[in-house]
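A.B. asks: Have a look at this one.
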Amino acid sequence: MSASGGTKAIVAALGANLAIAVSKFVAFAFSGSSSMLAEGVHSLADSGNQFLLLVGGKKAQREATPQHPFGYGRERYVYAFLVSIVLFSLGGMFAIYEGYEKIRHPQALEHWYWPVGVLVFAIIAEAFSLRTAIREADDLRGKLSWTQFVRRAKAPELPVVLLEDLGALIGLVLALGGVGLALLTGDGVWDGIGTVCIGVLLVLIALVLAAETKSLLLGEAAGTDVVQQIEAAMVDGDTVTRIIHMRTLHLGPEELLIAAKIAVRHEDTAAEIATAIDAAEARIRTAVPIARVIYLEPDIYSEAEAVKGPDREATPGGPAPHPTGH
């Protein structure tokens with residue numbers, strides 16, 4: 001994901017949510033609708049979430065230090081995880097509590113035109129924000145379905161904004177339904193039911209975001225298509241005859257670590273092997289520009305050793321294999 005694409009979607013969502021939050025709180029003040037209060041807090045939480053994503057993107061650009069030699073790319077994952085927590089607690093749980101209180105103590109809505117007008121305005125603004133996020137993401141997802149894109153994306157910003165905007169639109173429809181039924185029946189309980197539905201929706205979205213960003217925080221490998229590109233670039237069939245083992249790890253959305261044991265010819269000299277490794281790294285970086293850190297260990301291929309896996313090749317009590325980086 002390009003940083004500019006993610007930033008554009010975040011800024012569009014931030015502007016829309018701030019305007020919507022103000023209008024919802026005004027509508028709540030005039031009407032007393034719990035759906036409006038819950039939606040106002042939801043939009044405020046979303047605005048805070050977009051701010052967190054911008055902060056995370058900025059902090060991730062810091063240079064590597066001796067204490068953090070691989071840089072700060074994962075800051076974006078940390079702040080995306082914080083977004084899921086804010087959405088769960090400040091958005092979802094608050095809405096469920098407010099809806100429960102409204103169901104227990106229903107009140108008639110006053111000045112109904114305020115919540116209805118604000119909800120229509122909010123739906124238009126959220127639709128604009130969602131449209132921006134979809135346009136930015138559409139160029140990146142390729143042939144992936146939207147579900148696959150959210151699950152496989154290594155950059156968290158666009159999936160977060162997409163889910164937030166989608167949840168906001170559905171929440172607005174639920175709020176409009178709750179307010180409409182409350183007006184038609186004269187029973188404020190429907191307003192509370194709509195608020196609880198909004199809270200449950202936000203909790204579900206927050207759980208999905210938490211699960212996906214937790215996986216990124218733990219460390220994810222490169223996608224299948226990227227791995228295939230790396231393999232094709234690494235092996236030239238002459239100096240590097242095959243890959244014995246390889247592991248990849250995303251240090252950040254645009255930073256990839258590659259560690260591999262490669263097979264070289266047994267008659268090659270040390271100088272020839274070093275030249276082969278340098279050439280392999282150059283080919284990899286050309287094919288996959290996000291490959292920032294590459295460790296290649298040359299070895300003579302042995303089928304018996306290869307089947308043991310990279311963690312069991314060293315004999316008990318003997319020296320463990322170590323990578324040779326260039």
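A.B. asks: Considering segment 10-36 alone, what residues qualify as being part of a helix (DSSP H, G or I) and either surrounded by 23 or more Cβ atoms within 10 Å (Cβ to Cβ) or in contact with a His (Cβ under 7 Å, 6 or more places away or on another chain) (or both)?
C.D. replies: ILE10, ALA13, ALA16, ASN17, ILE20, LYS24, ALA27, PHE30, SER31, SER34, SER35, MET36
A.B. asks: Here is a further query. Provide a single number: the residues in segment 37-62 that are more than 15 Å from LYS8 (Cα to Cα) and either assigned to a loop (DSSP other than H, G, I, E, B) or among the aromatic types (Phe, Trp, Tyr) (or both).
C.D. replies: 3
A.B. asks: Next up: Is it the case, given these coordinates, that LEU251 is modelled with pLDDT under 95, within 19 Å of LYS154 (Cβ to Cβ) and surrounded by 14 or more Cβ atoms within 10 Å (Cβ to Cβ)?
C.D. replies: Criteria met by LEU251.
A.B. asks: Still on this structure, please answer the following. When the residues of segment 187-221 are filtered to those that are outside any helix (DSSP H, G or I) and touching a residue at least 40 places away in the same chain (Cβ under 8 Å), which remaining residue is nearest to LEU256 (Cα to Cα)?
C.D. replies: GLU220
A.B. asks: Would you pick out the residues in segment 129-152 that are closer than 16 Å to VAL173 by Cβ and either at pLDDT below 85 or polar (S, T, N, Q) (or both)?
C.D. replies: SER129
A.B. asks: Count, please, the residues in segment 243-262 that happen to be out of contact with any helix residue (DSSP H, G or I) (no Cβ under 9 Å at 6 or more places or on another chain) and touching a residue at least 40 places away in the same chain (Cβ under 8 Å).
C.D. replies: Qualifying residue count, segment 243-262: 5.
A.B. asks: GLY99: in contact with a helix residue (DSSP H, G or I) (Cβ under 8 Å, 6 or more places away or on another chain), of a type in the set (Gly, Ala, Ser) and either surrounded by fewer than 17 Cβ atoms within 10 Å (Cβ to Cβ) or outside the structural domain of GLU39 (by TED's automatic domain parsing) (or both), yes or no?
C.D. replies: no
A.B. asks: So, in segment 266-282, of the ones that are within 37 Å of the chain's Cα centre (by Cα) and of a type in the set (Asp, Glu), which residue ends up farthest from MET234 (Cα to Cα)?
C.D. replies: It comes out as ASP278.
A.B. asks: Still on this model: Taking GLN61 as meeting all but one of (1) closer than 30 Å to TYR295 by Cβ; (2) polar (S, T, N, Q); (3) in contact (Cβ under 8 Å) with a residue 12 or more places away in the chain, write down the number of the exception.
C.D. replies: (3)
A.B. asks: Can you confirm whether segment 138-161 contains a residue that is more than 22 Å from the chain's Cα centre (by Cα), crowded, with 16+ Cβ neighbours inside 10 Å and in the same structural domain as VAL78 (by TED's automatic domain parsing)?
C.D. replies: no
A.B. asks: Do you know which residues across segment 232-246 are hydrophobic (A, V, I, L, M, F, W, C) and crowded, with 16+ Cβ neighbours inside 10 Å?
C.D. replies: ALA233, MET234, VAL235, VAL240, ILE243, ILE244, MET246
The values are calculated or read from the model by the stated rules, or taken from the named source; none is laboratory data. Remember, predicted model here, so these are calculated numbers, not experimental data. Note that we place each Cβ from the backbone using ideal geometry, even for glycine, and neighbour counts take in every protein chain shown.
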